Amino acid sequence: MFAIILASCTQQANNQNEQTTQESLRPAETVVAAEEITSVLSGYMAIKDALVATDAQKASKSANALLALLTEENEMMGKLKESVQKIAVSEDTDQQRAAFELLSEDVYTYVKENDLERGTLYRQYCPMAFKNKGAYWLSTSNQVRNPYFGDRMLKCGSVRETLE
């Protein structure tokens with residue numbers, strides 16, 4: 001019996017060593033991409049939370065902070081910058097929310113193209129946003145907190161997709 005337990009523990013240790021070795025052999029670009037995705041998502045979530053709170057100044061400030069992180073020059077970063085810039089320069093939550101819709105679609109595309117390394121995101125949808133046109137956004141929580149209506153309709157919406 002002791003031999004079986006010892007063999008099992010040895011096998012687990014070998015598996016952990018193999019996993020650690022595989023992780024350390026990941027290309028540097030993967031690590032950079034993961035850090036970039038984390039930065040973009042963190043900035044995006046700060047904007048979303050400000051819009052949930054219907055705080056235009058905080059949304060603008062969060063957008064300016066995200067703009068400072070978007071330094072890489074490529075087509076996707078250009079799209080992200082354009083939407084974030086619109087939020088940063090506005091003090092009107094309706095205008096910020098319209099730009100946030102575009103930003104949400106671009107961040108969704110960005111995450112799908114670059115694979116989420118860790119964590120879970122929830123793609124949520126409000127059918128009543130923008131005069132019943134509907135709009136999506138991303139969240140780190142499966143609980144709906146609507147950035148398009150804020151406290152007027154905080155829980156309007158549903159989870160449409162889970163990204164892991």
Inset, instruction - Could you calculate the contour length gain from Lys133 to Gln95, that is, 0.36 nm times the residue separation minus the distance between their Cα atoms, to one decimal place in nm? - result: 12.1 nm
Legend entry - Residues of type lysines that Lys79 reaches as a straight line, Cα spacing below 18 Å, ignoring anything fewer than 8 places off in the same chain: Lys48, Lys112
Legend entry - the range 66-124: GluC sites (Glu not before Pro) in DSSP coil with no more than 16 other Cβ atoms inside 10 Å: Glu72, Glu73, Glu91, Glu117
Legend entry - Separation in nanometres of the label points that stand 7 Å from Cα toward Cβ, at Met153 and Glu105: 1.9 nm
Legend entry - P(r) tail fraction, the range 30-163 - alpha-carbon pairs more than 25 Å apart, %: 18 percent
Legend entry - Too-long pairs where the Cα-Cα distance tops 23 Å, listed order kept, from Lys58/Lys86; Lys81/Lys131; Lys61/Lys81; Lys61/Lys155: Lys81/Lys131; Lys61/Lys155
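Just so you know, all these numbers are worked out from the coordinates, no wet-lab data involved. Computed from a predicted model, the values in this text were never measured in an experiment. All Cβ positions, even for glycine, are placed from backbone atoms using ideal geometry, and neighbour counts span all protein chains on display.
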